[in-house]
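In what follows, a single structure is set out as structure tokens and then discussed.
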Amino acid sequence: MFDRVLILSASAGAGHIRAAQAVEKAFVRLNAARELKNIDTLQYTNKLFEKLYSKAYIELVDKAPDVLGWLYNHFDNPWQYRRRRLAFDKLNARAFIKLLKEFQPDLAVCTHFLPAEIISWLKEKRRLTTRQAIVVTDFDLHALWLCRHYEHYFVALEETKLHLQELGIPPEKITVSGIPIDPVFAENKDKTQMRKNLGLDTSLPTILISAGGFGVGPMEMLIESLTKMRNKTQVVAICGKNEELKSRIDKLSRNLPRNCPIKIIPVGYTTQMDEYMSAADLLLGKPGGLTSSEALAKGLPIVIFRPIRGQEERNSDHLLEEGVAIRCNNLPVLGYKIDSLLDNPQRMALMRKNVQRLARPDAAVTIVQKLLSLRNA
């Protein structure tokens, strides 16, 4: 058992926060820490910096994804921009550094690179002695995750482990754990029963579209394209916290022509995502690391639409290579591609088999168990 544990994330997108929450639940479940704190690092930075990291990120995702992709690729040069970036982070994270010094954790688990690089710098200067574990929350590795001073890395794939090794990280300091997700996604829930519980048709193929917790993305365009499908299908549209989007989807649902093959079920912010995934046959959307891992844990093949350049493009590559996803870049043929998949039960069965092979629903528990073994070694 650890005495004091900090779980550190950053609210630049919802995925890092959800990964941190999953690790926290695993610590509690395994009774692995006497004192445990889960902290959004950005809350311990100045307000301008926090806005740059969180709100600006969401704006780029929604309105300028090409710019976000360019930035992602520009900074993906191992070790090259480390000092310049660190100087900027230190200047804006003095409250976070103060927190670290006051709490003096014997373990910090980072699900975002911002706290990881600050802790690495403090360890380098011998101003902090805490052990540091870094949990990469995408399938691929970006240079921003690289640190000189750490105890262990946790990654999603064997290929990602090899990538780290080639960059100089010793193999014994890397565990292929998968991306940590809430333990509820590991629970086996009957598809028919979930559809009944959620008021869905038990007989129709079900497509789940998620706009994420922030409710961004081209959901209306996706749904309009699905109206051209041949197969009768129900489409569950998770709109997140975007009430305006849900209102528009509600209106779209009411105005569908009588002969339309799809039925739309708009859903606002929900804490039942695992049940909606259990009820679905396909997940349609963008391949974020957390959402993709949750879908895999629930046995869902993925239909990828226009992944954001950068981490989503790379996640997409891995998912396609593993045979758990198809990709559509051209909106007018989206319905056709999904029809073709639904009309091919053999292909669907193969994809589901690949999903079972790739899924790591217990990643969070794996991470904590490994950390306990290192603590006791």
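The values are calculated or read from the model by the stated rules, or taken from the named source; none is laboratory data. Computed from a predicted structure; not experimentally measured. Here the Cβ positions follow ideal geometry from the backbone for every residue, glycine too, while neighbour counts run over all protein chains shown.
Beta carbons closer than 7 Å, at least 6 apart along the sequence or on distinct chains, never pair a first residue in segment 216-234 that is under 16 Å from Gly268 (Cβ atoms) and assigned by TED's automatic domain parsing to the domain that holds Ala64 with a second that is part of a loop (DSSP other than H, G, I, E, B) and modelled with pLDDT of 85 or more. A Cβ distance below 6 Å, combined with a sequence gap of six or more or placement on separate chains, defines the contacts here; from segment 121-150, residues that are closer than 30 Å to Leu320 by Cα reach residues that are of a type in the set (Lys, Arg) in the pairs Asp140/Arg314.
Listed by first and then second residue, the pairs with beta-carbon distance under 8 Å, at least 6 apart or on different chains, first residue in segment 182-198 and assigned by TED's automatic domain parsing to the domain that holds Ala295 and farther than 15 Å from Arg360 by Cβ, second in a loop (DSSP other than H, G, I, E, B) and of a type in the set (Asp, Glu), are Arg195/Asp201.
Just for segment 249-281: of the residues that are closer than 25 Å to Tyr336 by Cβ, at pLDDT below 95 and under 26 Å from the mean Cα position of the chain (by Cα), which one is surrounded by the most Cβ atoms within 10 Å (Cβ to Cβ)? Here the answer is Ile249.
Among the residues of segment 153-180, count how many are touching a residue at least 60 places away in the same chain (Cβ under 8 Å) and either over 20 Å from the mean Cα position of the chain (by Cα) or within 14 Å of Asp362 (Cα to Cα) (or both). Count: 8. With respect to (1) hydroxyl-bearing (Ser, Thr, Tyr); (2) in contact with a helix residue (DSSP H, G or I) (Cβ under 6 Å, 6 or more places away or on another chain); (3) buried (at least 17 other Cβ atoms within 10 Å of the Cβ); (4) not assigned by TED's automatic domain parsing to the domain that holds His152, the lone exception for Thr175 is condition (4). Flag set for Leu374, criterion: within 29 Å of Phe27 (Cα to Cα), surrounded by fewer than 22 Cβ atoms within 10 Å (Cβ to Cβ) and out of contact with any Asp or Glu (no Cβ under 6 Å at 6 or more places or on another chain).
Of all residues in segment 98-149, those being of a type in the set (Ser, Thr, Tyr) and within 23 Å of Pro361 (Cα to Cα) number 2.
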